[in-house]
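Student: Just passing along the structure, written as structure tokens.
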Amino acid sequence: MALVEMVMPKMGESIMEGTVLTWLKQEGDTIEADESVLEVATDKVDTEVPAIHAGVLKEILVKEGDVVPVGAPIARIETEASGSGDSAPVAATPKVTSANEKPAAAASNGQAAVLDKPAGDRFYSPLVMNIAREEGIPMNELERVPGTGREDRVTKKDILAYVKNRPQGGVAPAPTQTAPSAPMQSAPKQMPISISGEDEIIEMDRMRKMIAERMVDSKRISPHVTSFVEADVSNVVAWRNKVKNSFMEREGEPITFTPIFIEAIVKAIKDYPMINIQVDGTRIIKKKDINIGLAVALPSGNLIVPVIHRADQYNLTGLTKKVNALAKKARENKLTPDDLQGGTFTVSNVGSFGNVMGTPIIMQPQVAIMALGAVVKKPAVIETPSGDAIAIRHKMFLSHSYDHRVVDGSLGGMLVRRVADYLEKFDPKQTL
């Protein structure tokens with residue numbers, strides 16, 4: 001027999017840790033290769049983790065609720081060995097620290113023999129704690145490291161940046177009474193809420209808590225500005241009405257307005273590539289790929305944003321199939337972490353709820369998002385060879401929210417105007 005370690009797998013680009021939600025197997029259970037052993041939550045999606053070997057689940061190394069870095073051991077599996085019957089030696093590894101446990105590990109250099117329990121409620125991930133221990137950073141110093149994560153959380157990037165610029169002597173200067181350090185900005189106090197015996201109290205689920213945190217973070221990070229344009233999409237409506245039945249017969253799935261709108265947005269982004277950027281401190285990262293996030297409402301009422309990677313490489317038929325596939329996977333809870341990674345611009349179809357316009361919140365670290373309003377019939381003045389006339393036209397509002405740190409009104413306004421131009425010039429005679 002041999003013991004093999006099961007580690008926290010990498011579950012997508014930039015995901016460095018996961019939270020153990022549920023163990024689907026218990027110690028002593030027999031498991032098959034590729035059989036789901038536990039469920040893990042990342043900041044993107046919940047995922048079942050399969051076993052990499054068949055055997056017996058000998059030891060569970062982490063508890064439900066633990067935050068585990070990618071690559072850290074989470075369990076040991078006893079497997080059939082092809083050679084000797086002795087158990088294979090397994091290097092001792094520290095158990096991952098739970099958010100509710102006291103971190104207790106000594107740094108080898110003796111600068112910080114033990115990391116004490118934080119004095120406040122600030123949370124530190126095991127990865128940050130390990131880096132602090134390795135660098136000999138005591139808890140009283142760690143608590144003064146500025147955090148850019150949600151709820152002032154110290155991220156891996158924050159701790160590594162601090163280590164790089166750490167003052168000589170290894171200890172950050174402590175505040176004094178004569179020259180106190182500037183306190184970090186605290187969250188605004190919540191106003192007291194009155195609850196009567198007739199009120200129903202509903203606890204937020206994990207996804208709703210995550211959405212709430214990210215929306216507040218985005219409004220704090222990015223000064224939002226929204227520009228509006230009304231577009232005449234009569235040609236688009238006429239064309240879709242003409243081809244929708246034949247498309248369904250040929251492809252076995254519907255063609256909606258959404259892929260047509262996305263096609264126009266992608267064209268406009270190619271015309272104005274400085275909207276396809278991200279901000280890293282004082283650096284602007286111009287993204288090569290155009291990856292369009294598509295906001296999808298789930299049956300629970302929550303919202304999730306799968307991504308069409310390299311959307312500019314698809315024709316209209318390809319975009320239609322991709323939109324339909326991602327929406328289906330989202331509603332069936334079958335999205336993978338990779339489906340949610342790498343978005344550079346997001347589209348939210350508020351018109352599907354009957355809304356004529358909206359002011360959407362940017363998905364960080366992107367700098368822009370566009371809301372598509374409902375298509376409605378309106379009387380409008382049109383130019384004809386014999387003069388102006390009033391006709392019934394199909395109109396919709398496009399709402400473009402952008403990060404005013406790096407996107408000025410001219411760029412934000414021109415981008416949404418260009419999207420409207422592409423929709424208004426849509427060729428009703430084209431074929432799929």
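The values are calculated or read from the model by the stated rules, or taken from the named source; none is laboratory data. For clarity, every value in this text was computed on a predicted model and none was experimentally measured. For neighbour counting, all protein chains shown are included, and Cβ atoms are generated from backbone atoms with ideal geometry for every residue, glycine included. Remember, those area values only see protein heavy atoms, side chains included, never the ligands or the DNA or RNA. Shrake-Rupley method; radii C 1.70, N 1.55, O 1.52, S 1.80 Å.
Student: If you take the residues of the stretch 3-40 that are of a type in the set (A, V, I, L, M) and within 14 Å of Asp338 (Cα to Cα), which of them is modelled with the highest pLDDT?
Tutor: Here the answer is Met16.
Student: Can I ask one more? With the stretch 55-98 as the region, which strands (runs of 3 or more DSSP E) entirely inside it contain at least 2 residues that are open to solvent by less than 20 Å² (accessible area, probe 1.4 Å), modelled with pLDDT of 50 or more and within 24 Å of Pro337 (Cα to Cα)?
Tutor: 67-69, 73-79
Student: List every residue pair whose Cβ atoms sit under 6 Å apart, with the two residues 6 or more apart in sequence or on different chains, where the first one lies in the stretch 198-223 and is within 27 Å of Asp403 (Cα to Cα) and the second, anywhere, is open to solvent by 60 Å² or more (accessible area, probe 1.4 Å) and among the small types (Gly, Ala, Ser).
Tutor: Hits for this filter: zero, empty list.
Student: Read through the list (1) crowded, with 20+ Cβ neighbours inside 10 Å; (2) within 24 Å of the chain's Cα centre (by Cα); (3) not hydroxyl-bearing (Ser, Thr, Tyr), then give the number of the only condition that Ile221 fails.
Tutor: Only one criterion in (1) crowded, with 20+ Cβ neighbours inside 10 Å; (2) within 24 Å of the chain's Cα centre (by Cα); (3) not hydroxyl-bearing (Ser, Thr, Tyr) is unmet by Ile221, namely (1).
Student: For the condition part of a helix (DSSP H, G or I) and open to solvent by 20 Å² or more (accessible area, probe 1.4 Å), what is the one hit in Glu249, Glu253?
Tutor: Answer to the selection: Glu249.
Student: Sort out for me the strands (runs of 3 or more DSSP E) sitting completely within the stretch 318-432 that have 3 or more residues that are open to solvent by 50 Å² or more (accessible area, probe 1.4 Å).
Tutor: 376-384, 387-403
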